[in-house]
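Values in this text are rule-based calculations from the coordinates and carry no lab data. Computed from a predicted structure; not experimentally measured. Cβ sites come from the backbone with ideal geometry, for glycine too, and all protein chains shown count toward neighbours.
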Amino acid sequence: MKTRNAFFYAVCGAFSALLWLSAAQAAEKAGSVIALKGEVSALDGTSVSRELNKDDEVNVGDTVRTGVGSYVVIDFIDGARATIRPDSEVKVDQYAYGTGSDGAVMNLVKGGLRAITGGIAHQNPESYKVKTNVATLGVRGTEFALRLCEEDCSEEAKRYEGVAQGLEMEGDFVDAK
C-alpha cells in the first residue's frame, strides 16, 4: 500500500511540475504597458482574457486588443516601443532578447500599429518580423507604421476622426511622457 501511495504522489508531483513549467513558458514576458486609454485587453494562449492597465506585463502568446477610441503603448524587453491603434488586434507570437535565439514575430490581425524597434532589429534585422493576413514584413528601419484597412483607408480614417484628440501624437505614435 505504501508503495502504491508513493507512486501516486510521485506521479502527481511530476504532473504538477510539468504544469508549472508549461505555465512559466506561457507567461514569458515580452514587454510592459506604459500608457493606455480606454478598453485594452490581452487574450493569452489559453483563451483567458484580462484587462490591461499601466505597468501590466504583455507576454509571448498574448493577443492585445484595443477598443474603438482606445490605444495602448507597450515598451518591449529589447527597448522597442509600439503604439497599438484604436480598434486593433496584435498577437505577440515570439519575443526573445538576450537569450541567444533573439527574435520578434508579431501578427497584426486587425487595425494598426506604429513602432520604434529596439535591440533585436538593430542587432539582427532579419529576426524582427510583423505578419499580416496577406504578407510578412521584415523590418529594416528603426521606425515603422503598419495599418490594415477593412475598407478604403481614407474612409476608415474618417470613422476614427477625433478619436485621438487630446493625445500627444506624432503621426500615429503616442508619446507616453
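Structure data summary
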{"item": "FRET efficiency, N124 to R50 (Cβ-Cβ, R0 45 Å, nearest 0.05)", "result": "0.90"}
{"item": "I34 versus V109: modelled label distance in nm, points set 7 Å from Cα along the beta carbon direction", "result": "2.6 nm"}
{"item": "Long-range HN-HN contacts of L148 with modeled amide H, under 5 Å", "result": "G111, G112"}
{"item": "Under-5 Å amide H pairs with N59, H placed in peptide plane, nonlocal only", "result": "A30"}
{"item": "Net +/- balance of residues flanking L36 in space, Cβ distance below 11 Å, scoring K and R +1, D and E -1", "result": "-2"}
